[in-house]
Each structure stands twice: as C-alpha cells, then as structure tokens.
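Okay, so here's the structure we're looking at.
The values are calculated or read from the model by the stated rules, or taken from the named source; none is laboratory data. What you see is a predicted model; the values in this text were computed from it and never measured. Quick note on the areas: whole protein, heavy atoms, side chains included, nothing else; ligands and nucleic acids left out. Shrake-Rupley method; radii C 1.70, N 1.55, O 1.52, S 1.80 Å.
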Amino acid sequence: GAYTDAIKKGGSNSAIYASRAWARHRQHSLERAISDYEQAIALGDHSAELLFRLGFAHFDRAYYDNALEAFSGAANGGIDTAEMHAALAIGLDANLHREEAEQEYQKALDLDAKFADEEYLATLPMWSQSAIRRARSILQRME
C-alpha cells in the first residue's frame, strides 16, 4: 500500500507508521498493526489516540497486560470520554481487576448511557465482539 511504499522510500516518521497501523488494524491484521503502532511509539508518537488504538489491538490478540498498559497510557494522556473509560474497564477486567473495572465502566455510563447498549458498542470502530462480550460481563455484574 501507499504507507509501505512511503516507508520503503525512506519516509520513516511516526505518522506514517501510525497511519499504516490503523489501516492494518481495520483490516484485522493485528500483529502487523501492533508492530507498526510500536514503531510509531519508538519514533516518538506517544499520543493518547495511538495508545488507545494499540490497547484495542492488544486486547483483541488477548495480550491483556499490554492492553491495560496502553489503555492506561491513553487515559493518562488526557482522553476523558465514555469510550476511554469503557476501554480501560475492559482492560482492567481482563486483568482480573474486577472492582476497578466496574468503577471505570460506571464512569463511562455516567458520561454516556449508550455504553450500556451492546448494539451501540457494535457500531464503534474499535469494539470487537470480544471487547463487547467483556463489557457485557462487567455490566451483568454491575446490575
């Protein structure tokens, strides 16, 4: 693709790797996406958005420690949205931090009640069936 061509021609900046990572992520080529996200970080991109996407890529590969680390970095980087709190919740839950997961998910619900709706989650680009199942289990415990 165009990103790979740019990299081959010497365009090795973080933006190109981050963009290729996102393209690969959307194509469900998660290992390759993770590699590109990590290369973008190595080249200096520590943006919250990149960490957020990396968290989902790790989550969907069942690299739960890495997912939690990336989600935490994104949250600490300033993202304060319902989706960020829900993502951090699934990362916490996957690492068996159940109570903290429920607290984070409650923050998501306080910001946007639609995060209680699995059909809504399915419309969000980052949310795989695995992530939605994890959210469902958190919500069931909270009832």
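Some observations on this one:
- Surface analysis of the range 1-142 yields an accessible area of 51 Å² per residue, using protein heavy atoms and a 1.4 Å probe.
- Cα gyration tensor, the range 79-143 - rounded (a/c under 1.5), prolate or oblate: rounded
- For the chain, relative contact order (Cα pairs under 8 Å, six or more residues apart, normalised by length) works out to 16 percent.
- Rolling a 1.4 angstrom probe over the range 36-143 with all protein chains present gives an accessible area of which 46% lies on carbon and sulfur atoms.
- The overall shape of the range 36-81 is oblate: from the C-alpha gyration tensor, with semi-axes ordered a ≥ b ≥ c, the ratio a/c is 1.5 or greater and a/b is no larger than b/c.
- Scalar couplings 3J(HN,Hα) for the range 36-44, obtained by applying the Karplus form with A = 6.51, B = -1.76, C = 1.60 to θ = phi - 60°, are 5, 4, 5, 5, 4, 5, 4, 8, x Hz; x denotes Gly and Pro.
- Degrees between helix 98-111 axis and first principal axis of the chain (Cα, 0 to 90, nearest 10): 90
- Build a GNM of the chain with springs between Cα atoms under 10 Å apart, and of 74, 113, 82 the one that fluctuates most is 113.
- In sequence order, the range 128-133 has phi-based couplings of 7, 4, 4, 5, 5, 4 Hz under the Karplus curve 6.51 cos²θ - 1.76 cosθ + 1.60, θ = phi - 60°, and Gly or Pro positions carry x.
- Residue ranking by accessible heavy-atom surface, 1.4 Å probe, largest first, among 120, 17, 37 comes out as 120, 17, 37.
- The chain: angle of helix 82-94 to the longest principal axis, Cα-based, in degrees nearest 10: 80
- Gaussian network model of the chain, springs between alpha carbon atoms under 10 Å - residue of 104, 83, 119 with greatest fluctuation: 119
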